[in-house]
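Peer 1: This is the structure I have questions about; it appears just below.
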Amino acid sequence: MNIIEISNISKTYPGKPNKANDDISLSLRKGEILCVAGENGAGKTTLMKILCGLEKQDTGFTCVNGNIGMVHQHFMLFPEYTAAENIVIGFEPKIAGFFLDKKKSLEISEKIISENNFSIKSNVKVKELTLGEMQQVEICRILYRNSDIIILDEPTSILTETETNSLFNTLKTLSSCGKSIIIITHKLDEIKRISDRVAVLRKGKLTGISDTDKIDKMDIARMMINTYTDVLENGNKNEGLNPPVKKDSLQEPVLKFDNVSVYRKGQKRPLLDNISFSVNEGEILAFTGVGGNGLGVIEAVMGGFLHPAAGRITLKGRDITHLSSRELRKQGLSYVPANRKNVGSAQNATIKENLIINHGESYESLLEKYNVKFSNINDKAYTLSGGNLQKLILAREISGFRDYIVFSEPTWGLDIAAGKFVMNEIMETKKKGAAIILISTNLEETLFLSDRIIVMYRGKIAGVVINDGASDVKEKIGKFMQGII
């Protein structure tokens, strides 16, 4: 039984020469997990927005037998509200038919969180959550509405391996109970692991649909990019094992944290607890861990959005502990934030304006090098797909680096070819002498890029792992993540 029928859908945006969707037809079966794959800008998100009624198609029709809930790449949450308030919003339990029943809201939220083995706290404001935790709130909100059809746009891009396993177990349980699920993803391993069928889009067209157990990863990759790719053969090659650029052992570190602690007002346990580390020229130092253990706070401090209550931060010996984001930029910070929409870009500025903020390199060559797909350089940044916006930010920050770069989830939302290109660019930047901080919940990305790995647990450094290719590196990281060692 099909719960969704999509027939001959086409969509063209004004001023765009090519169709975002070009005569697409496919179906979704009841209780099925369908993966929709394709490069950035292939038309996946546009198709899902049409399905949800957020966009109107030019031609064709959709037939839906049930309620749809969608977790977007850019979350639709209210940052000043708690997780519980976001989960029940629009369908809030009321006292006397008018006042929000906060106790009941917490009970409802805690039940959904517990049933799905999520890690979020229902009484914490969304603005204080990591991106991975925000995603959990979005999923909980859909489950609270008892949607028959659940669409997830790149759901694992910001999750750790443990969180991904938990999410997949949840999705499989939901599908076995009759929920129908569509997952937009670039990750070939995940397509094979989670889906019953896979539909591949390329340049707005549907290039194929197949039962997942009847197709291999290389065939999916060929349908996505239409060329033979060595991504699968070389994807596990850890170029990050190249030693850091050798420097004078007496040379001062580029960036140094000395006993840094960060507190939330009214809370006794620190968000960051006495953190000390340093990073040198030509080195990639990675921070990883399960969401909620301090990664988001580390990023906020490095970006100048949150200041320590104790401790000292120095840049080449200069005290930068309490500098603002703007002041840090002047001191030599390049920064690729996890929240590329609200922090990494000015959405109402043009593509050109977003590129020329902090360097003078020809923007035409940058856009070409990073394969940013757009119609007009004077279009607003919000017209770009999530993946193309990410490539724009990466192009701007990597090309304009001076002393150090902070990357937070740099390949989130990128397709396999773009993700590999970006990781290679990060490695090349390291070879030029940049001191690089990588904040990532993607363990494969972390292992590929880093020289050293700091694992965060409950706001503290649980352990430091030298990424030397030893067979027990993953095992050590996993134990540190769980606080076992």
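No lab work stands behind these numbers, since they all come straight from the coordinates. This structure is a prediction, so every number in the text was calculated from the model and none was measured. Every residue, glycine among them, receives a Cβ derived from its backbone with ideal geometry; neighbour counts consider all protein chains shown.
Peer 1: Working out 0.36 nm times the residue gap between residue 80 and residue 379, then minus their Cα-Cα distance, what length gain in nm do you get to one decimal?
Peer 2: Residue separation times 0.36 nm, minus the Cα-Cα distance, leaves 104.6 nm.
Peer 1: Run through segment 333-414 and list the GluC sites (Glu not before Pro) located in a DSSP loop whose Cβ has at most 16 other Cβ atoms within 10 Å.
Peer 2: Hits after loop and neighbour filter: 361.
Peer 1: Could you give the Stokes-Einstein D for the chain in µm² per second, using the C-alpha Kirkwood radius, 4 °C, 1.567 mPa s? Walk me through the intermediate numbers first.
Peer 2: Values: Rh = 23.5 Å.
Answer, rounded: 55 µm²/s.
Peer 1: Can I ask one more? Can you bin segment 376-416 into rounded, prolate or oblate? Criterion: square roots of the alpha carbon gyration tensor eigenvalues sorted a ≥ b ≥ c, rounded for a/c under 1.5, prolate for a/b above b/c, oblate for the rest.
Peer 2: oblate
Peer 1: Looking at segment 2-229, what % of its DSSP beta bridges pair antiparallel, to the nearest 5?
Peer 2: Counting DSSP beta bridges with both partners in segment 2-229, the antiparallel share is about 55 percent.
Peer 1: Which is the longest run of the chain containing none of the chymotrypsin sites (Phe, Trp or Tyr not before Pro) found in DSSP loop states (not H, G, I, E, B) with at most 16 other C-beta atoms within 10 Å?
Peer 2: Numbers: sites that count: 81, 91, 98, 228, 263, 305.
By the stated rule (loop sites, at most 16 other Cβ atoms within 10 Å), 306-485.
Peer 1: Determine which lysines satisfy two conditions relative to residue 460: a Cα distance under 28 Å, and not lying fewer than 8 residues away in the same chain.
Peer 2: Candidates past the 8-residue exclusion: 121, 125, 127, 256, 265, 268, 316, 430, 474, 476, 479.
Peer 1: If we count other beta carbons within 10 Å of each Cβ, what is the order of 177, 52, fewest first?
Peer 2: Final ranking by Cβ density, sparse to dense: 177, 52.
Peer 1: Within 10 Å, count the other beta carbons around each residue, average over each peptide in 196-207, 320-331, and list them highest first.
Peer 2: On the way: 196-207: 20.7, 320-331: 14.7.
Answer by packing, highest mean first, reads 196-207, 320-331.
Peer 1: So what is the relative contact order of the chain, in percent, for Cα pairs below 8 Å that sit 6 or more residues apart?
Peer 2: Values: 982 pairs, mean separation 81.1, N = 485.
That works out to 17 percent.
Peer 1: Normalising by the residue count of segment 2-229, find the relative contact order in percent from Cα pairs under 8 Å and 6+ residues apart. Write out the running numbers ahead of the final one.
Peer 2: On the way: 420 pairs, mean separation 65.5, N = 228.
Averaging sequence separation for qualifying contacts and normalising by length gives 29 percent for segment 2-229.
Peer 1: So what's the Cα pair-distance distribution over segment 315-440, bin width 5 Å, in %?
Peer 2: Values per bin, smallest distances first: 2, 11, 21, 25, 21, 12, 5, 2, 0, 0.
Peer 1: Let me check the size of segment 2-229 from its C-alpha atoms; what are the radius of gyration and Dmax in Å?
Peer 2: 18.3, 64
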